[in-house]
Amino acid sequence: LTEDCYNQEVSFSLSADDKTSKVDSRAYVLATKAMTANQLKSAVWSSLEDGNMDVSFSEEGTRILYFRVIDKAGNIAYAASNQVTLDMTNPEILCGKKKLGDSKEYTADRKKITVTDKYLSKVTVRRDGNVVLTKLQNSIVDGSTSFSLDRRSSTQGDIVYEITAEDKAGNKKVTKLTLHDPVQEVD
């Protein structure tokens with residue numbers, strides 16, 4: 001099954017027609033995993049009234065929608081959606097175990113950053129408006145990626161990074177991280 005990710009309510013619409021014996025009933029099951037033919041036969045189906053062919057869900061998680069149509073002759077047809085994930089949670093950007101908000105300041109030369117999200121797809125780090133690091137799905141393992149940000153620079157003063165984390169559903173988290181110079185001049 002392919003997986004589609006969304007960050008808002010997901011709606012399905014079914015169209016069914018039988019020109020020979022006409023449609024007798026329509027029903028659906030919203031499952032959390034793929035079902036076998038035997039499971040479909042014994043499932044508890046929710047009926048769809050005539051004219052109502054829409055089903056939606058708004059709880060986070062992964063679902064597969066199964067439709068069942070029975071015609072007046074007793075023939076049964078099944079249809080299934082792709083695996084659909086509803087994810088309305090932004091990725092998390094962490095320094096150590098501390099979850100970072102919209103901005104954070106540290107007096108340090110280096111900080112290790114971890115970005116997590118079950119459906120994490122891309123992390124971009126900018127410094128002075130220029131992209132200095134990009135992590136894509138092929139470098140993200142089990143919904144997590146880590147990297148270090150440091151003050152390697154020919155200038156003294158603050159170094160400001162902008163970390164942007166995006167997931168497959170389109171949720172986005174942006175954090176501005178400022179590293180202050182820990183070495184102070186002493187006369």
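The values are calculated or read from the model by the stated rules, or taken from the named source; none is laboratory data. Quick caveat, the model's predicted, so the values are computed rather than measured. Cβ: placed from backbone, ideal geometry, glycine included. Neighbour counts: every protein chain shown. Accessible surface areas use protein heavy atoms only, side chains included; no ligands, DNA or RNA. Shrake-Rupley method; radii C 1.70, N 1.55, O 1.52, S 1.80 Å.
Mind scanning K33/K173; K33/K172; K97/K118 and naming the pairs with a C-alpha gap bigger than 20 Å?
K33/K173; K33/K172
By how many nm would the segment from F57 to T20 grow when fully extended, if each residue of separation counts as 0.36 nm and the alpha-carbon distance is taken off?
10.0 nm
Summing Lys, Arg as +1 and Asp, Glu as -1, what charge do residues with Cβ under 10 Å from the Cβ of R110 carry, R110 excluded? The partial results should precede the final answer.
Values: positive: K111, K112, R151, R152; negative: D109, D150.
Local charge sum for R110: +2.
With respect to the cross-link table entries K22/K168; K41/K122; K98/K122; K104/K168; K111/K168, which display a Cα-Cα separation exceeding 31 Å?
K22/K168; K41/K122
Would you please name the trypsin sites (Lys or Arg not before Pro) within the range 29-130 that are DSSP coil residues with at most 13 other C-beta atoms within 10 Å of their C-beta?
For trypsin sites (Lys or Arg not before Pro) across the range 29-130 that sit outside H, G, I, E and B with at most 13 neighbouring Cβ atoms in 10 Å, the list reads K33, K72, K97.
Keeping all protein chains in place, calculate the accessible area per residue for the chain (probe 1.4 angstrom), answer in Å².
Details: 11480 Å² over 187 residues.
Spelled out: the 1.4 Å probe surface of the chain, per residue, equals 61 Å².
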